[in-house]
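Below you'll find the structure, written out as structure tokens, and then a few comments.
The values are calculated or read from the model by the stated rules, or taken from the named source; none is laboratory data. These numbers come from a predicted model, not from an experiment. Reconstructed Cβ throughout: ideal geometry from the backbone, glycine too, with neighbour counts over all protein chains shown.
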Amino acid sequence: MGDNLLEISLARFLIRCGMTVYEVGIPYLDQRYQASELRLLKETCEQVNQPLPRIVEKPDNYYQVQRIHELKPDITITGMAHANPLEARNFLTKWSVEFTFSQIHGFTHARDILELVSRPLRRHTSLGELGWTKLIKSDPILT
């Protein structure tokens, strides 16, 4: 669920790193300017034998949230407006705006991108070791 126009290149990078990306939400898709990124995304998916993610243009929030509930991804990169409601339903999220304001541009910052994406997964694991995820999942108000 995107909001920063980095979504296609970010998805391509994460797919190259081994992540399965089900869907890429982008606020605006101009074929003239994004054609090369779309081509690279398709080529990357073919090279690593991953399915091409669905590309969703403009806010499609209701249906995107429906698909998140159906697919149950390990993590959802989303805008801040959807992060807390998804977290309350036990979906791990990462704020997409953090990719805009982080130093992630260029090859020297590839590790920083992976750090941003994996932080919620590590936090969830740490909370699980403390028993907090069981408490959250058993609370009827939060589930």
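Here are some notes:
- Selection within segment 90-122 - surrounded by fewer than 12 Cβ atoms within 10 Å (Cβ to Cβ) and farther than 22 Å from Ile8 by Cβ: Arg122
- Residue match in segment 20-32 (condition: touching a residue at least 24 places away in the same chain (Cβ under 8 Å), loosely packed, with under 12 Cβ neighbours inside 10 Å and not aliphatic (A, V, I, L, M)): yes
- Meets criteria (buried (at least 16 other Cβ atoms within 10 Å of the Cβ) and modelled with pLDDT of 90 or more) for Leu40: no
- Residue check for Thr93: within 27 Å of Arg16 (Cα to Cα), at pLDDT below 85 and hydroxyl-bearing (Ser, Thr, Tyr): no
- Residue that is modelled with the highest pLDDT [pool: residues in segment 45-70 that are touching a Leu at 6+ places or on another chain (Cβ under 9 Å) and over 20 Å from Leu5 (Cα atoms)]: Glu46
- Qualifying residue in segment 9-18 (condition: part of a strand (DSSP E or B) and crowded, with 17+ Cβ neighbours inside 10 Å): no
- Subset of segment 35-88 (residues that are among the hydroxyl-bearing types (Ser, Thr, Tyr), farther than 14 Å from Met19 by Cβ and within 13 Å of the chain's Cα centre (by Cα)): Thr78
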